[in-house]
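Asks: The structure under discussion is supplied below as structure tokens; questions concerning it will follow.
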Amino acid sequence: MDFCRTVERLYAALPLRPFRDWLIRIHMDRCPRCQERLLSREEARSLLVRSDQTGDAAALWRRISEEAGRLAPAPKAKGNGGRLAWQWAAVSALAAVVALAGLWLLRETAGPGFDARAIVPADRFEIAYVKVGGEPAQTFVYHPQGTDTVFVWAQKTP
Amino acid sequence: MDEQEIIEGCLGGKAASNRAMVETYGTLVLSVALNVIGNRQDAEDVCQETFLQVFRRLDRYDRERSFKTWLLTIAYRRSLDMLRKKRRFAEFSARARFEPAVVGRPGDADPADPAPLPSKLLEVLSPRERTALCLWANEGYTAKDISEVLACSASTARVYLFNARRKIKALLENDHGLLQNG
């Protein structure tokens with residue numbers, strides 16, 4: 001019993017992990033008295049959530065599938081190669097039209113006499129830097145989804 | 001479908017294999033996240049992020065290692081990220097002195113679903129200690145297995161586990177008031 005107390009005092013006195021591990025291995029793991037003062041596996045299980053208590057895994061899949069679906073390749077269509085080719089052709093034609101329209105717009109705005117100052121700046125929040133006490137500070141910007149509110153939190157860099 | 005078939009299917013981008021993986025390991029990942037974070041909704045977010053990362057990076061999985069341990073390593077890291085995010089926001093909201101509105105997510109919560117939360121006693125443990133205790137008690141992991149998940153040495157993992165078991169036992173023996181809440 002005295003030896004157990006000595007080991008405990010040593011454990012508390014020297015917070016070095018290798019030393020503590022050594023004490024655990026040479027004494028605490030083997031000593032019945034010390035083991036009684038540790039939580040058993042059954043006691044721990046009664047406090048923790050087990051995998052069979054978390055509910056239905058299918059519900060998890062429903063939640064994940066939407067995102068996972070973007071990663072998975074689309075299933076190959078059988079016997080509709082002609083229709084697929086037409087779809088590709090239509091999409092390609094549309095992309096070409098959009099690209100040509102974009103080029104035409106760029107050409108118009110890049111012409112002589114164009115006044116860059118006439119462009120209204122985009123409505124966006126910008127912050128170049130923040131100083132606290134004359135020093136560059138750690139800055140966090142929070143923008144709650146669906147609102148126009150922006151929170152800026154700055155604190156001294158530790 | 002066994003583990004290797006599921007992995008091969010996921011590598012091939014098969015949705016059925018992705019589903020099989022979530023249905024095989026989903027509750028395991030969710031239980032670990034729940035024990036580390038202590039909040040069902042955040043644990044479900046962590047679970048989702050974990051599987052999405054697994055699907056994206058499955059090609060980096062080393063077949064020499066246990067898949068379960070690799071998966072739990074990702075879940076543990078995502079859980080730590082979530083805790084850091086929550087702590088940062090808690091600090092921010094404490095300083096800003098405002099009450100964040102609780103926004104319900106319709107469809108997420110089903111009153112019929114079991115939504116157990118870990119004991120309040122676990123709050124005295126650090127996230128590493130909670131993870132070590134959870135893996136040891138629920139999964140039967142040894143200190144060496146735990147060290148792979150926590151990315152530390154086996155001796156460090158042993159100390160985390162020992163401290164966790166000792167702290168909780170001391171609280172139980174002292175008939176801590178938190179027991180009634182647990």
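Asks: From the list B:LEU133, B:LEU121, B:LEU117, exactly one residue is within 14 Å of the chain's Cα centre (by Cα) and at pLDDT below 90. Which is it?
Replies: Of the residues listed, the single one that is within 14 Å of the chain's Cα centre (by Cα) and at pLDDT below 90 is B:LEU117.
Asks: Out of all the residues in the range B:54-78, which are over 15 Å from the mean Cα position of the chain (by Cα) and among the aromatic types (Phe, Trp, Tyr)?
Replies: Across the range B:54-78, the qualifying residues are B:PHE55, B:TYR61, B:PHE67.
Asks: From the set of residues in the range B:22-39 that are outside any loop (DSSP other than H, G, I, E, B) and more than 9 Å from chain A (Cβ to nearest Cβ), which is surrounded by the most Cβ atoms within 10 Å (Cβ to Cβ)?
Replies: B:ALA33
Asks: Looking only at the range B:148-171, decide whether some residue is modelled with pLDDT under 90, closer than 16 Å to A:ARG45 by Cβ, assigned to a helix (DSSP H, G or I) and over 18 Å from the mean Cα position of the chain (by Cα).
Replies: No, the range B:148-171 contains no residue that is modelled with pLDDT under 90, closer than 16 Å to A:ARG45 by Cβ, assigned to a helix (DSSP H, G or I) and over 18 Å from the mean Cα position of the chain (by Cα).
Asks: Looking at B:ALA101, B:ALA94 in this structure, which one is part of a helix (DSSP H, G or I), more than 23 Å from the chain's Cα centre (by Cα) and at pLDDT below 90?
Replies: B:ALA94
Let's see how each residue does on (1) more than 8 Å from chain B (Cβ to nearest Cβ); (2) without any contact (Cβ under 8 Å) to a residue 24 or more places away in the chain; (3) within 19 Å of B:ALA154 (Cβ to Cβ):
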position: A:ALA12; (1), (2), (3): yes, yes, no
position: A:ARG20; (1), (2), (3): no, yes, yes
position: A:ARG37; (1), (2), (3): no, yes, no
position: A:ALA44; (1), (2), (3): no, yes, no
position: A:LEU47; (1), (2), (3): no, yes, no
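Asks: When you scan the range B:43-53, how many residues do you find that are under 10 Å from the mean Cα position of the chain (by Cα) and more than 8 Å from chain A (Cβ to nearest Cβ)?
Replies: Going through the range B:43-53 one residue at a time, the tally reaches 3.
Asks: Separate question: Yes or no: the range B:8-23 includes at least one residue that is closer than 30 Å to B:SER126 by Cβ, at pLDDT below 90 and not small (Gly, Ala, Ser).
Replies: No, the conditions are met nowhere in the range B:8-23.
The values are calculated or read from the model by the stated rules, or taken from the named source; none is laboratory data. Keep in mind it's a predicted model, so treat the numbers as computed, not measured. Glycine gets a Cβ as well: all are built from the backbone with ideal geometry, and neighbour counts include every protein chain shown.
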